[in-house]
Amino acid sequence: MSHRRERRGRGTATVSVHVHNLAQMFNSLDPSPFWDRDLDREAAEFIEEEFSDKRGSRHWRLTVHASEGADLTEDLRSAVGRYYQRMAGSTRRLLREQIRLGQLSLLGGSAIFLLSMSARRILSTLLPHGTSRLLDEGLIILAWLALWRPAESLVYGWVPLWRKWKMYQRLAAMRVSVRVGKAGVGSGRLPGSKQEVPAPPSTASSEQDERPWA
């Protein structure tokens, strides 16, 4: 299997998933009361990991190879879109909650900072010089610690969630191709088995990167 990185910002990045039956792409223990089938978490994690290295590509495409399960083609396309739409919505809610908590923490930290600075002035006039200096340094440390964590959360803490949210949005909108036939035989994990079988050789262009999930 050849492996070449796609040119950043150009072309289409493709991830190939090889399974014996398309049913392996669905969550067999899905507790959902609805008819819509959910995507298998192992497959989803593989897809996310592969595309996380291809953020610079203009377009993303998922190609699923299988030897059986042609009747599940449309179900799979719908499941991929719904799954990542749901993940994007969940991540967006987490992002909003983190920003809201960061703002509340900053207000609390600012209050502690002001109280500490006020206490420094009062204690410096009431206590002996040696004791006053010790408390003064302690209050300074407390004041800056109260502001440090909320400020870090608002400035940097939201970035990982924002990147994940944008990634889920792209995954929900990516093109999903399904190829069912003899090409999928022996190239994926057999049902009920964890054994990995080598995938057949494939050729990737300079704008495409394919790695099989087995």
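The values are calculated or read from the model by the stated rules, or taken from the named source; none is laboratory data. Note that this is a predicted model, so its numbers are computed, not measured. With ideal geometry, Cβ positions are generated from the backbone for all residues, glycine too; neighbour counts draw on all protein chains shown.
Inclusion of Ala111 among residues that are part of a helix (DSSP H, G or I), within 30 Å of Gly81 (Cβ to Cβ) and among the small types (Gly, Ala, Ser) is not warranted.
Listed here are the residues, each with its yes/no results for (1) under 20 Å from Trp60 (Cβ atoms); (2) modelled with pLDDT under 50; (3) part of a helix (DSSP H, G or I).
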site	(1), (2), (3)
Leu134	no, no, yes
Leu142	no, no, yes
Leu145	no, no, yes
Gln169	yes, no, yes
Gly192	no, yes, no
Val197	no, yes, no
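For region 83-130, which positions are surrounded by fewer than 16 Cβ atoms within 10 Å (Cβ to Cβ) and among the charged types (D, E, K, R)? Matches in region 83-130: Arg86, Arg93, Arg96, Glu97, Arg100, Arg121.
For Ser57, the conditions (1) among the polar types (S, T, N, Q); (2) crowded, with 18+ Cβ neighbours inside 10 Å; (3) closer than 27 Å to Val159 by Cα; (4) without any contact (Cβ under 8 Å) to a residue 60 or more places away in the chain all hold with the exception of (4). Of the listed requirements (1) more than 16 Å from Ser177 (Cβ to Cβ); (2) at pLDDT below 90, His20 misses just one: (2). Of all the residues in region 25-34, those that are modelled with pLDDT of 90 or more and not hydrophobic (A, V, I, L, M, F, W, C) number 0.
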